[in-house]
Amino acid sequence: MSSFCPYTVASTQLFDSPISTAAPLGMFTKVQNKLPRVSFDTVGADVPVSTNKFYSNLFLGKRNMGVWTIPYMLWVPRDPATASNFGASISHATEDKRVFGDNPNDNPIRFYINALGINSVTFGAQEFSFSRSTTTLSNPTHVSVELNLHADVSQYGLDTKRLQMPLYQGMGFITGRYKDLTPKLTTGVLFRKFEELQSPRSGLQKWRITEEDNSIWLLYAYSETGTRLNLSLRSNSEISASSSFTGFLQISKLSKDGTQNAGLEGVIDSTAGAFPIGMEISGVAEGTVGTYHFKWTRYGSNNANGLLTYALKHHLDSEVTAMRTGLQLNSPTKGNSEALIGDSWTLVEPSMPTGTGFFWGTPFTAAQIAVIKPILEQELAQDMGGQTYLNSMYFSGKGFQKFAQLLIVAARIGQQDLARRGLERLKSAFQPFLTNKQQFPLVYDLTWRGVISGAMFTNGDAMSDFGNGYYNDHHFHWSYFLFTGAAIAQLDKELNNNQAWLQTNRPWFETLLRDMANPSSSDPWYPVSRAFDWYNGHSWAKGLFESADGKDQESTSEDMNCGYAIKLWGNVVGDAKIEGRGNLMMALMKRSFNEYFLLKAGNKAHPWNFIANKVTGILFENKVDHSTYFGANIEYIQGIHMIPLTPASAYYRDAQFCREEWDQWFSNRTAGINDGWKGILYANVALFQPQSSWLFFAQEGFKNEWLDGGASRSWYLAQAAGKWL
């Protein structure tokens, strides 16, 4: 194939327009999801919902599990047997409350989990009761939601006797907007001391709360009516008012151990009185530099003239522009967070992979081609339809990407006729999917707004195809198809000077793209950024399943394959915005993966006795478990963070990390692995010792059972040769 030519060399705005606003293609039958939408009020009832976002526990299942805004966690207890007060409970789990396992004395431990259910403060009201009070959600976006707690909708309606809580990632205060309610704060930790202090600002009241675990919290109140709020310590578990209140309460944690730092308390004082009520994300790509912006809409006013928002380590390393304060709280699974002051952040990724294309490395030698060519011919003779016309979009997609990669190798080593013949066969194998006549056709989900596998409507199993129908793993599944579409289009252009296939089928591929990575709220058919979390710097794989430990992801490599496929697609269709977003996603993932998922020696994001695992396994919002959903073999746990091996792999999996991981788990210990994971492990060796990887795949005694269903020997040989400098 010809050298890759990035389009994003000029300054390109990345989020200012949709990919399309066209209605779903007619081939996709419109259905209602088996899981109905509940909890959304009229302001959120008829908009696409970002199914994989931090707040989904508020509308799933019993709606009583946690929401991690970082650094705080919030939940709504709904069982009077386990909670004394209906309301919104707040917690910040400190490191000393973590549980390690399986054996806490191991190094490495298998998992750690932060304590759940530590109710530091519950925002409630005298008018609330478990029997009559309810919750709704309004204004759901990909970055925020409003949680509404209603005293009694049947008596008062939705708009009065209501506590509204705007939820944003990183928010420095938990804010409750009371409307004609009598505030009541309760705790499961017990209040030791409650004292009213001098206000930092006219119109604002301030209290300091000390709890029996030695934590110190600062509480503020602002009355919208000008009436002073009188709060009293009624018992060691209740602080409450004696009359109704319209205004807002804010709480922020100052200390976990009783330390009273006047400087840090001053930081919180200076930012009290304001909170976010909106947020926009924008971005620009210019050459290899990607710049993205978080801009919040501020309600209220404060002395600092800016919002208090916590940043994670990868934000701080991205030249973030907001003012650092030194106020730190640990996050559940991503190390310390630090509070910044500002209504906007500007963050920079200086090394986007603009030159990373379909292939890497130097031209092949004649000797390398002599080894690759006969193997390639055999693998391209395989039954493409038989390996892709499957009952799983995930496994079908893996098969398609495998054959697309084989065609890339053929073109790369000068076998254009072989590539042309294979290209036509691959197009034919793909045709049932392009006409939606695969085993389980895709359908358009009117309930949640997205394209899903129809499998669960046939077999009744919501976990069909890994939960695709409930939006699990869409960015994994669709990226394999998008990569294949980009490769076919590129090869068709180079080999046949033909773009007809691309123009005919572009809407189908961009349907998948819009479903998993829609950039704009002006597209009414899909939520913005279904999987990718621009605050955390990576995607979440869990869709519409409630989870005690929040969202999770177990494969960094398939997440990266999504960004990679997006940038390749943008390149072949000549859309600099799509390509630029893919590049920026890849750069941000590289940073976050190497901070939170891929654990070099010296990593500080996780407990010291977890680092030797080298990868997180499954990273949840509240726990990290060195395991997988499909087994505990070490080759599974490490390998699921390797597949698929592509030129993007070398961009974020650097040689030092790969060598550390190999030495820790696999050096001289692969003899007992005799399935596709063995090939994955040795393909990864090419990232730090390409000659060894080449020799493994070139050996005469190579066994095909060492190849995963989405992998080929030719591709792995070509990758090793391309890295063998």
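The values are calculated or read from the model by the stated rules, or taken from the named source; none is laboratory data. The structure displayed is predicted, hence computed values, not measured ones. Glycine also receives a Cβ, built like all others from the backbone with ideal geometry; neighbour counts cover every protein chain displayed.
Which of the residues that make up segment 147-182 are within 25 Å of residue 252 (Cβ to Cβ) and assigned to a loop (DSSP other than H, G, I, E, B)? Passing the criteria: 169, 170, 172, 173, 182.
If the condition is being hydroxyl-bearing (Ser, Thr, Tyr) and either exposed (fewer than 13 other Cβ atoms within 10 Å of the Cβ) or at pLDDT below 65 (or both), then segment 3-20 contributes 3, 7, 8. Considering only residues in segment 364-406 that are among the small types (Gly, Ala, Ser) and under 23 Å from residue 479 (Cα atoms), the one that is nearest to the chain's Cα centre (by Cα) turns out to be 397. Scanning segment 332-346 for residues that are of a type outside the set (Gly, Ala, Ser) and either outside any loop (DSSP other than H, G, I, E, B) or in contact with an Asp or Glu (Cβ under 8 Å, 6 or more places away or on another chain) (or both) gives 332, 333, 334, 336, 338, 340, 341, 345, 346.
Rundown of residues vs (1) over 26 Å from residue 93 (Cβ atoms); (2) of a type in the set (S, T, N, Q); (3) touching a Cys at 6+ places or on another chain (Cβ under 7 Å); (4) in contact (Cβ under 8 Å) with a residue 40 or more places away in the chain, yes/no style:
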{"residue": "174", "(1), (2), (3), (4)": "no, no, no, yes"}
{"residue": "177", "(1), (2), (3), (4)": "no, no, no, yes"}
{"residue": "183", "(1), (2), (3), (4)": "no, no, no, yes"}
{"residue": "194", "(1), (2), (3), (4)": "no, no, no, yes"}
{"residue": "205", "(1), (2), (3), (4)": "yes, yes, no, no"}
{"residue": "215", "(1), (2), (3), (4)": "no, yes, no, yes"}
{"residue": "218", "(1), (2), (3), (4)": "no, no, no, yes"}
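Filtering segment 413-443 to residues that are within 15 Å of residue 393 (Cα to Cα) and not aliphatic (A, V, I, L, M) leaves 430, 431, 432, 433, 435, 436, 437, 438, 439, 440, 441.
Of everything in segment 301-314 that is in contact (Cβ under 8 Å) with a residue 40 or more places away in the chain, buried (at least 19 other Cβ atoms within 10 Å of the Cβ) and not β-branched (Val, Ile, Thr), the residue that is farthest from residue 114 (Cα to Cα) is 302. In segment 685-700, what residues are more than 34 Å from the chain's Cα centre (by Cα) and of a type in the set (Ser, Thr, Tyr)? Once the filter is applied, which keeps residues that are more than 34 Å from the chain's Cα centre (by Cα) and of a type in the set (Ser, Thr, Tyr), segment 685-700 yields only 692. Among the residues of segment 64-118, those that are hydrophobic (A, V, I, L, M, F, W, C) and either part of a loop (DSSP other than H, G, I, E, B) or exposed (fewer than 15 other Cβ atoms within 10 Å of the Cβ) (or both) comprise 65, 70, 76, 81, 83, 86, 93, 99, 109, 115, 116, 118. For segment 196-212, the set of residues classified as closer than 18 Å to residue 253 by Cβ, buried (at least 16 other Cβ atoms within 10 Å of the Cβ) and not hydrophobic (A, V, I, L, M, F, W, C) consists of 200, 206, 208, 210, 211, listed by residue number. Name the single residue that is farthest from the chain's Cα centre (by Cα) among those in segment 119-134 being in a strand (DSSP E or B) and surrounded by 22 or more Cβ atoms within 10 Å (Cβ to Cβ). Only one residue tops the list, namely 125.
When 412, 425 are screened for being of a type in the set (Lys, Arg), touching a helix residue (DSSP H, G or I) at 6+ places or on another chain (Cβ under 8 Å) and surrounded by fewer than 21 Cβ atoms within 10 Å (Cβ to Cβ), only 425 passes.
Residues in segment 573-593 that are out of contact with any His (no Cβ under 9 Å at 6 or more places or on another chain) and surrounded by fewer than 24 Cβ atoms within 10 Å (Cβ to Cβ): 573, 574, 575, 576, 577.
Only one of 429, 419 is among the small types (Gly, Ala, Ser) and in contact with a Gly (Cβ under 8 Å, 6 or more places away or on another chain); which?
Every option except 429 fails the conditions.
Considering (1) without any contact (Cβ under 8 Å) to a residue 60 or more places away in the chain; (2) surrounded by fewer than 19 Cβ atoms within 10 Å (Cβ to Cβ), the lone condition that residue 340 does not fulfil carries the number (2). Whether a residue is in contact (Cβ under 8 Å) with a residue 40 or more places away in the chain and either surrounded by fewer than 23 Cβ atoms within 10 Å (Cβ to Cβ) or among the basic types (Lys, Arg) (or both) was assessed, and residue 384 passes this test.
Among the residues making up segment 213-230, those that are crowded, with 16+ Cβ neighbours inside 10 Å and either in the same structural domain as residue 302 (by TED's automatic domain parsing) or part of a loop (DSSP other than H, G, I, E, B) (or both) are 213, 215, 229.
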